[in-house]
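Just below is one structure, and these are the notes that go with it.
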Amino acid sequence: MSYFKQNKTTLWILLAVVLFNIAAIVTIYYKMSYPDCNTSCKKEKRCMQTYLKKELNLNATQSEKFDIEKARYQDTVIKVHALMMAKREIVSAEMTKANADTLLLYNTSDELGVLYAQTRKLYINHYFELSKICTEEQRKKLASIIGNVFCCEGRKNDLGLDRKHKKHNQSCQPDNRGKF
């Protein structure tokens with residue numbers, strides 16, 4: 001009687017282990033050679049300015065002016081958003097108290113409204129500054145893109161933005177996600 005006939009079960013187990021190892025090696029090689037689409041999307045930091053530069057096909061001079069405007073705009077918006085966050089924390093802390101001060105809540109809510117209006121005005125001014133940099137054709141495309149973002153802000157929209165622009169849609173779609 002043959003050695004292999006006596007150990008048929010052992011042979012099948014050995015063959016299964018070899019096939020499993022080959023499949024594992026092929027899978028590892030494939031994953032290393034072809035990065036996952038979602039992983040590459042997560043690694044990229046998406047920004048509306050980058051998207052605009054690409055979509056509007058800006059030349060080097062325009063791109064430089066866009067960067068200057070972006071830096072000027074972002075500094076102001078970050079300060080206003082920090083103030084808004086502080087006001088939200090006041091409201092949140094006050095509402096959880098047993099005897100909440102409704103006057104403080106109402107006044108803080110009014111102040112939040114003023115800050116929100118200020119951010120809308122900053123967005124509008126930023127758009128006008130960007131449009132000055134563009135050619136007529138680029139201006140039309142910019143108006144289309146910004147109009148969509150501005151009117152849909154606060155809801156999920158075509159750009160994959162959520163209410164607070166912090167979570168990005170991770171499916172690999174065109175580079176039109178990010179924050180404005």
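The values are calculated or read from the model by the stated rules, or taken from the named source; none is laboratory data. A quick note: this is a predicted structure, and the numbers were derived from the prediction, not measured. Methodologically, a virtual Cβ is constructed for each residue, glycine included, from the backbone with ideal geometry; neighbour enumeration extends over all protein chains shown.
Yes or no: residue 114 of a type in the set (A, V, I, L, M) and crowded, with 16+ Cβ neighbours inside 10 Å?
Judged against the criteria, residue 114 is not a match.
Have a look at 97, 65, 42, 54 and point out the one that is modelled with pLDDT of 85 or more, within 24 Å of the chain's Cα centre (by Cα) and not polar (S, T, N, Q).
Answer to the selection: 65.
How many residues does the range 50-71 contain that are free of Cβ contacts under 8 Å to residues at least 40 places away in the same chain and either buried (at least 16 other Cβ atoms within 10 Å of the Cβ) or in a helix (DSSP H, G or I) (or both)? Please lay out each step first, then the result.
Of all residues in the range 50-71, those free of Cβ contacts under 8 Å to residues at least 40 places away in the same chain come to 53, 59-61, 63-64, 67-68, 70-71.
After this cut, where a residue has to be either buried (at least 16 other Cβ atoms within 10 Å of the Cβ) or in a helix (DSSP H, G or I) (or both) as well, the list is 53, 60-61, 63-64, 67-68, 70-71.
Number satisfying all stated conditions: 9.
Could you tell me whether residue 153 is at pLDDT below 60, under 18 Å from residue 52 (Cβ atoms) and acidic (Asp, Glu)?
When the stated conditions are applied, residue 153 passes them.
Can you report the number of residues in the range 72-128 which are over 27 Å from residue 143 (Cα atoms) and in contact with a helix residue (DSSP H, G or I) (Cβ under 8 Å, 6 or more places away or on another chain)?
Qualifying residue count, the range 72-128: 16.
For the range 86-104, enumerate the residues that are of a type in the set (A, V, I, L, M, F, W, C) and surrounded by 10 or more Cβ atoms within 10 Å (Cβ to Cβ). Step through it out loud before you land on a result.
From the range 86-104, those of a type in the set (A, V, I, L, M, F, W, C) are 86, 90-91, 93, 95, 98, 100, 103-104; that's our starting set.
Within the range 86-104, 86, 90, 91, 93, 95, 100, 104 meet the criteria.
At pLDDT 75 or above and either among the acidic types (Asp, Glu) or in contact with a Ser or Thr (Cβ under 7 Å, 6 or more places away or on another chain) (or both), is that true of residue 136?
Working: at pLDDT 75 or above: yes; either among the acidic types (Asp, Glu) or in contact with a Ser or Thr (Cβ under 7 Å, 6 or more places away or on another chain) (or both): yes.
In short, yes.
If I filter the range 100-115 for residues that are modelled with pLDDT of 90 or more, under 30 Å from residue 54 (Cα atoms) and over 19 Å from the mean Cα position of the chain (by Cα), do I get at least one hit?
No: zero hits.
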